[in-house]
Amino acid sequence: MNSSKHTELANHAWSVADLLRGDYKQSDYGRVILPFTVLRRLECVLEPTREKVAQVVEQFKDVEDFNADDFLRRASGFSFYNTSALTLKKIAADPQNVAENLRLYVAAFSDNAREVLEKYEFGRNIKRLDDAGLLYQVIGKFTDLDLHPDNVPNHNMGYVFEELIRRFAEQSNETAGEHFTPREVIKLMVNLLIAPDGDALTLPGTVRTVMDPACGTGGMLSAAQDHITDLNPDAQVEVYGQELNPESWAICRSDLMIKGQDPDHIAAGNSFSDPAFGRKKFDYLLANPPFGVEWKKVKEEVEYEHKNLGEAGRFSAGLPRINDGSLLFLQHMISMMKPVDVNGGGGSRIAIVFNGSPLFTGAAGSGESEIRRWILENDWLEGIVALPDQLFYNTGISTYFWILTNRKAADYKGKVVLLDARDQWVKMRKSLGDKRKEVGDGTSGKPNHIAEITRLYGEALYAAQDENHPLHGKVKVFDNEAFGYQRITVERPLKLRFEVTEETLAGLAAAKPVQKLPESEKFVEALRPLVGSSWAKKQDAFVALKDAVVAAGLMWPAGAPFAKAVREVVGVRDPEGEVQLIKGEPEPDTELRDYENVPLGEDVEEYLKREVHPHVPDAWIDHTKTKVGYEIPFTRHFYVYEPPRPLAEIDAELKALEAEIQGLLGEVTE
């Protein structure tokens, strides 16, 4: 079936919009058209076995408390069935009872099919259409839509349904990003995920499983399945997914049912708090999770798993900040990788879309840094690809593909590929939400960016080493350790001189240890004769202070807290002042404390001598505070310095503009 036929069928289904106009908002058309398309397809699929199902129903009609579900599935030949004698054509033939008969017809479907229609709120739409006098007309439109598998095979039906999903997404731009990832982005992502396995996938008897824990409407799962079957039409591909949004879940599950896949492989619910499919492992995992979405609603469950399950759970490496759960998705996906066996078989590959935040957010020791450290030290990160901005429907920010695997090729072990594809785009003729750019796929005269990026990713090691490679500057390869650093704490000694001023007396009066004294006001007044005095050494200052207090007939309180409070008030930081000591060692000045990131593996003391001591020779490292961190400063590695324009050139341009403005003003005054 050619693409024009797909479009023709999609146009037929979408023509129902002409009936809905006025009674439905444009953004709600899909909520009618999609479930009716599903219903019509299911009816056409089940048509050849209707009689067999009817026989099973007749056979077991008098048997009480007996579950005939397995028999009915076998009779229908699918994982779903319908036990009613009604059809859409019969329902349309009885306009007076159209709503009631349609409800009975839907209720006769097996639970897994009926659940999909319920998620579309199909019952509510039946009433709404009936009240508007449109239900009979809508059903009539769909009875004329031939979606029989003999005429529209599962693969082609998928294209028809995806076209309807795309139109629905475009009509509701406020949620397009949740429903729909751009087709060319998915294609590129799937290419990078699966391309290295191309030869293995062509072998006879190939069986692969694909999982998307934030599957939305299932576009990525469909693309992965199509890619594998294009390589090997006989390959068996099982797709799995989980989705939180009920409507998106219904669309994805519908898509699988329409294509003949097992709809029970698409689970509803939150992947963090209620992960589906137990401990099942998958060959390929891919996802485009929401950017910057907080995980506060599942905080209790996630923190419990982190604290109590350790490596037996999914989040042992660390927890990101509460307002961005991106790295939780990645840890969840890593937990579903197949282990590599002793012969090097097994293993999995992962592709996920992130914004820039997971690359660098979080200092050493933070949850994000520890997650990056865990990934890199386990040598799972294969590559990161920077994409153009303005590529997605609901955001114009820059995005990145992260590619991970636990079965790296020998040449890639211990290494990470960074590929800069930010300039690989063409401008769209018409913007869709925030999407103004697209990655060219070679069709309609566009350059084939997808093939170019895929090829460059596969040649990354060669391209990075060969300065004559045409895209040498677009790819870099680093050892895993290159992204690690030691966060050292550089201390400098606290240096003070001591003085008593009016401000000093006010500070003493406000200090809590002084306020607790029986005669606090007299204590402060006893020091007033010392206003204007100063001392270079703490010992001399405290002797003078004590003498003044004793001379006033008061006691000098003992204890370190009191002495510290007094020093904090009368001590003044001075680069030439006395170094304060604690147990014979210099006391660090918290205001002068600094931090340095030292590359992992470099001697921190040598770094101190080389980079710090020439400027502050009395600095030292507090080794007890040293932390190891990991970040991936992608932009820094591809930064190219552009010198500022010569002043003469700028000046000439300004003069030309000034002359042009004067000329325009002259025309106005004339």
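The residues listed here are Ser369, Ser431; of these, the one that is at pLDDT 95 or above and among the hydroxyl-bearing types (Ser, Thr, Tyr) is Ser369. Filtering Tyr630, Tyr639 for residues that are under 30 Å from Val604 (Cβ atoms) and open to solvent by 100 Å² or more (accessible area, probe 1.4 Å) leaves a single hit, Tyr639. Within the stretch 438-451, which residues are surrounded by 20 or more Cβ atoms within 10 Å (Cβ to Cβ) and farther than 24 Å from Pro196 by Cβ? Hit for the stretch 438-451 is Glu438, nothing else.
Suppose the filter is part of a helix (DSSP H, G or I), of a type in the set (Phe, Trp, Tyr) and open to solvent by less than 30 Å² (accessible area, probe 1.4 Å); does Phe80 pass it? Considered against the rule, which asks whether it is part of a helix (DSSP H, G or I), of a type in the set (Phe, Trp, Tyr) and open to solvent by less than 30 Å² (accessible area, probe 1.4 Å), Phe80 comes out as no.
Selection of the stretch 303-356 for residues being open to solvent by less than 30 Å² (accessible area, probe 1.4 Å), more than 24 Å from Val239 (Cβ to Cβ) and either of a type in the set (Ser, Thr, Tyr) or in a strand (DSSP E or B) (or both) yields only Asn355.
So which helices (runs of 4 or more DSSP H) stay within the stretch 92-162 end to end and still have 1 or more residues that are touching a Pro at 6+ places or on another chain (Cβ under 9 Å) and over 23 Å from Leu9 (Cα atoms)?
Ranges flagged: 111-119.
Do we find a residue being touching a Lys or Arg at 6+ places or on another chain (Cβ under 6 Å), at pLDDT 95 or above and open to solvent by 90 Å² or more (accessible area, probe 1.4 Å) anywhere in the stretch 597-609? Scanning the stretch 597-609, I find no residue that is touching a Lys or Arg at 6+ places or on another chain (Cβ under 6 Å), at pLDDT 95 or above and open to solvent by 90 Å² or more (accessible area, probe 1.4 Å), so the answer is no. Filter the stretch 58-77 for residues that are modelled with pLDDT of 90 or more and open to solvent by less than 50 Å² (accessible area, probe 1.4 Å); which is nearest to Phe142 (Cα to Cα)? Looking at residues that are modelled with pLDDT of 90 or more and open to solvent by less than 50 Å² (accessible area, probe 1.4 Å), I get Ser76.
Going residue by residue through the stretch 411-429, is there one that turns out to be assigned to a helix (DSSP H, G or I) and surrounded by fewer than 21 Cβ atoms within 10 Å (Cβ to Cβ)?
Yes, the stretch 411-429 has at least one match.
Taking the numbered list (1) over 28 Å from Gln261 (Cα atoms); (2) in contact (Cβ under 8 Å) with a residue 60 or more places away in the chain; (3) in contact with a helix residue (DSSP H, G or I) (Cβ under 7 Å, 6 or more places away or on another chain) in turn, Asn156 passes all entries but (1).
Output yes when any residue across the stretch 274-297 is within 19 Å of the chain's Cα centre (by Cα) and assigned to a helix (DSSP H, G or I), and no when none is. Within the stretch 274-297, one or more residues are within 19 Å of the chain's Cα centre (by Cα) and assigned to a helix (DSSP H, G or I).
Of the numbered criteria (1) over 18 Å from Gly140 (Cβ atoms); (2) touching a helix residue (DSSP H, G or I) at 6+ places or on another chain (Cβ under 9 Å); (3) surrounded by 13 or more Cβ atoms within 10 Å (Cβ to Cβ), the one Pro35 fails is (1).
The one condition from (1) within 29 Å of Lys476 (Cα to Cα); (2) open to solvent by less than 90 Å² (accessible area, probe 1.4 Å) that Gly663 does not meet is (1). In the set (1) assigned to a helix (DSSP H, G or I); (2) at pLDDT 85 or above, the condition left unmet by Ala169 is number (2).
The set of residues in the stretch 130-159 that are within 21 Å of Ala93 (Cβ to Cβ) and either among the β-branched types (Val, Ile, Thr) or in contact with a strand residue (DSSP E or B) (Cβ under 6 Å, 6 or more places away or on another chain) (or both) comprises Val138, Ile139, Thr143.
Could you list all residues from the stretch 554-563 that are under 11 Å from Phe523 (Cβ atoms) and either open to solvent by 40 Å² or more (accessible area, probe 1.4 Å) or assigned to a helix (DSSP H, G or I) (or both)? Once the filter is applied, which keeps residues that are under 11 Å from Phe523 (Cβ atoms) and either open to solvent by 40 Å² or more (accessible area, probe 1.4 Å) or assigned to a helix (DSSP H, G or I) (or both), the stretch 554-563 yields Met555, Trp556, Phe562.
Name the residues in the stretch 80-128 that are within 39 Å of the chain's Cα centre (by Cα) and among the hydrophobic types (A, V, I, L, M, F, W, C), would you? Answer for the stretch 80-128, where residues must be within 39 Å of the chain's Cα centre (by Cα) and among the hydrophobic types (A, V, I, L, M, F, W, C): Phe80, Val106, Ala107, Phe109, Ala113, Val116, Leu117, Phe122, Ile126.
Taking the listed residues Arg373, Arg407, the one that is open to solvent by 10 Å² or more (accessible area, probe 1.4 Å), in a helix (DSSP H, G or I) and touching a residue at least 60 places away in the same chain (Cβ under 8 Å) is Arg373, with no other qualifying.
Based on this model, can you work out whether Leu231 counts as aliphatic (A, V, I, L, M), open to solvent by 20 Å² or more (accessible area, probe 1.4 Å) and more than 16 Å from Ile403 (Cα to Cα)? Walk me through it before giving the result.
On the way: aliphatic (A, V, I, L, M): yes; open to solvent by 20 Å² or more (accessible area, probe 1.4 Å): yes; more than 16 Å from Ile403 (Cα to Cα): yes.
In short, yes.
Restricting the stretch 208-225 to residues that are over 18 Å from Leu164 (Cα atoms), in contact (Cβ under 8 Å) with a residue 40 or more places away in the chain and not in a loop (DSSP other than H, G, I, E, B) leaves a set whose member that is most open to solvent (accessible area, probe 1.4 Å) is Arg208.
The values are calculated or read from the model by the stated rules, or taken from the named source; none is laboratory data. Here the structure is a predicted model, which means the values were calculated and not measured. Cβ: placed from backbone, ideal geometry, glycine included. Neighbour counts: every protein chain shown. Accessible surface areas use protein heavy atoms only, side chains included; no ligands, DNA or RNA. Shrake-Rupley method; radii C 1.70, N 1.55, O 1.52, S 1.80 Å.
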